1. Give me the pairs, please: first residue somewhere in the range 287-315 and β-branched (Val, Ile, Thr), second residue anywhere and assigned to a helix (DSSP H, G or I) and away from the ligand (no atom under 11 Å from the Cβ), beta-carbon distance under 6 Å, and either six or more positions apart or on two chains.
2. Val169 is checked against (1) in contact (Cβ under 8 Å) with a residue 24 or more places away in the chain; (2) in a helix (DSSP H, G or I); (3) under 30 Å from Leu375 (Cα atoms) and fails just one. What number does that condition carry?
3. With the requirement that a residue be touching a Ser or Thr at 6+ places or on another chain (Cβ under 8 Å) and within 14 Å of the ligand (Cβ to nearest atom), what does the range 256-271 give you?
4. What is the one condition in (1) in contact (Cβ under 8 Å) with a residue 24 or more places away in the chain; (2) more than 17 Å from Arg304 (Cα to Cα); (3) open to solvent by less than 40 Å² (accessible area, probe 1.4 Å) that Gly444 does not satisfy?
5. Can you find, within the range 414-430, the residue that is nearest to the ligand (Cβ to nearest atom) among those that are open to solvent by less than 10 Å² (accessible area, probe 1.4 Å) and more than 13 Å from Gly362 (Cα to Cα)?
6. Of (1) within 22 Å of Leu375 (Cα to Cα); (2) in a helix (DSSP H, G or I); (3) open to solvent by 80 Å² or more (accessible area, probe 1.4 Å), Lys157 satisfies all except one. Which?
7. Got at least one residue in the range 66-88 being on the phi > 0 side of the Ramachandran plot and part of a loop (DSSP other than H, G, I, E, B)?
8. Please work out which one of (1) assigned to a helix (DSSP H, G or I); (2) within 24 Å of the chain's Cα centre (by Cα) is the condition Met35 fails and give its number.
Amino acid sequence: MEQQKALTRLHDITREASLVASVISGLSWDQETYMPSGAIDWRAEQTSYLTGLLHEKVVNPDIAGLLAALGVSPENPLGDPSLPARERGYLRVVQRRYLRETKLPASLVTELAKVQSLGQAAWVEARTKNDFPAFMPFLERILELDREAAKCYGYSKSPYDALIEDYEVGATEAQIKEIFAPMEAGIVDLVGRIEAKGKRANPCEGKKWPAAQQEAFSRRVMVDMGYDLARGRLDITAHPFTTNLGSDDVRITTRYLEDNVLSALFSTVHEAGHALYEQGFDPEIRNDWLADGASMGVHESQSRFWENVVARSLPFWRRYYPELQGLFPSQLSGVGVEDFHRAANIVERSPIRVEADEVTYGLHIILRFKLESALLSGDLAVADLPAAWAAESQRLLGFKPKNDAQGCLQDVHWSMGLVGYFPSYALGNLYCAQFLNAMEKEIGSVETLVGKGEFGAILSWLRKNVHHFGKEKLPSEIVLQATGEPLSSHYFLGNLERKYTELYGL
Ligand code: ZN
C-alpha cells in the first residue's frame, strides 16, 4: 500500500512536468508557424521562464525519496521486482532524467532555453540572407553553454558522449564512429557503382507543381497511413517537423516546393510516420513520462519506414499514381508509372540533407557528426565552420556548397543547441531496415501489402513491437525483442544493395 501511494505521488509529479512541457511545445510550435516575427523577444522570455519551471518540476526533491521507497537506486534502476513491468520501465526513466537534470544549475537551463529561442530566430534570418557572420555569435554562445552542460553531466571520454545521451540513451561517440565506418564505406561504394551508370533523366524536372494540389495529395496519403487528424494537424514551416502538445495533439508540418512534386509528399509522409509513433502510445501511458519515443533513432526509424520503404516503392506508386496524374494531368502526361517511380528513387549527390535520396543521406549525417563533434570539443572554431564544411562536403559528396545557406546554415539543429542529435537520423535508417526484415518474417511482403493498400497490417506490427511501449524499454531492448538481434548496419546496406541493383541494373 505504501508503495502504491509512492507511485501515485510520483506520477502526479511527472504528469505535472508533462503539462508544463506540452505548453512549451505549444509555444515553440506557434513560434515556427504563426507567431509574428516581432514577438520573438517576449516569446524567448516565455519559453525560458517555462523551461525554468519545468526544470523545477523535474528536480523536485521529493522524487529522490519516492524512488528510494520504490526500491530504485543507480544499481537497481527498475526498482522493486514485484512492480508491474511498465511501472519498472517508468521508474528507470524517472531516475535517469532526475539524476541527469539535478546536475544542471537552474541558471544554465533558463539561459540555454533563451539562447536557443533567440538563436533559432537568428538562424532563420541568417539562412534567408545567406549571412553566416550574423549567426556566428549565437552559435558560439550556444556551444559554450552546451560545453558547460556536458561538464555538469560529466563524461569519461568526450563531451559529445554527455550530450548524445539525450537523443540515443547509452550511445557514445566511439560507438557511433564504429557503426558509421562500414556504413560510409558501403554507401560510397554503392554510390560509385550507381554513378558509373550515368546520370538518370528526371521526367519531373523543369515543371511547375502548384502547392494546392500537392497538399491535397499529401493529405490523402497521410490519412491512408492512419494519421488521426482528430488528434493532429498539418501546417507549413521552413523546416518540416513533428511536435507533441499532448498524446492527443500530435502536429506535423511540411513545406511545398513548386518546382518539386515529391519533396512535400515525402516530408509529409516522413513527419506523419513520426506522428503515428506518438499517436500510438498505449492509452495507459499517455501524457506522462513514458509517452515519448524510446530514442530519437527509434523515432527516426518510424518516419524512414513510411517514407523510404512504403512511399518510395513501386507498389505504392502503382496504387497512387493515377490519382497524382489526375491532379497534374499536363505535367505528368506521357510519364509512365515506372518512370515516375525511378524518378522518385534517383540517387545523386546533392547539397541539401532533407532533399537527399536514401542512399546518399547517410553521407550528410557523417559530415555533420564529424563537424559538430569538433565544434563541441573546440577543435574547430565557429569562424572556420564554413571552410570545414566545404572541405568535408568535397570529400564525401564530391562538391563544395555554393554558399553557406546551402552549406553550414541549412539545418536548424545547432541553432537550437541540439548537438549530438544528427547521428539519430542515420541510426534511424539502420533500425528501420532491421525492423522491416523482422516484420516480413511475421506478416509477409510489405510491398505486397502496400500494393493492396493494406497499411493497417504494417501499422499494427509497428504498434505492437515499437509504438505501444513508448519509453518503457531501452532502444537496445526494443530492437532485440522485435528482431532477435542487436542493432547493426548489415540489413540497411543489404536492403539498399537489393533495391538499387534492381533499379539501376547494377
Ligand atoms: Zn525525422
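1. Close Cβ pairs satisfying both conditions: Val298/Tyr431; Val298/Pro475; Val309/Leu436; Val310/Phe316; Val310/Val450.
2. Of (1) in contact (Cβ under 8 Å) with a residue 24 or more places away in the chain; (2) in a helix (DSSP H, G or I); (3) under 30 Å from Leu375 (Cα atoms), only one is false for Val169: (2).
3. Once the filter is applied, which keeps residues that are touching a Ser or Thr at 6+ places or on another chain (Cβ under 8 Å) and within 14 Å of the ligand (Cβ to nearest atom), the range 256-271 yields Ser267, Thr268, Val269, His270, Glu271.
4. Just one mismatch for Gly444, condition (1).
5. Restricting to residues being open to solvent by less than 10 Å² (accessible area, probe 1.4 Å) and more than 13 Å from Gly362 (Cα to Cα), the top hit is Gly420.
6. Result: Lys157 fails condition (2) only.
7. yes
8. All conditions pass for Met35, except number (1).
The values are calculated or read from the model by the stated rules, or taken from the named source; none is laboratory data. Just so you know, these numbers come straight off a predicted model, no measurement behind them. Cβ atoms come from the backbone with ideal geometry, glycine included; neighbour counts cover every protein chain shown. These area figures cover heavy atoms from the full protein model, side chains too; ligands, DNA and RNA do not enter into them. Shrake-Rupley method; radii C 1.70, N 1.55, O 1.52, S 1.80 Å.
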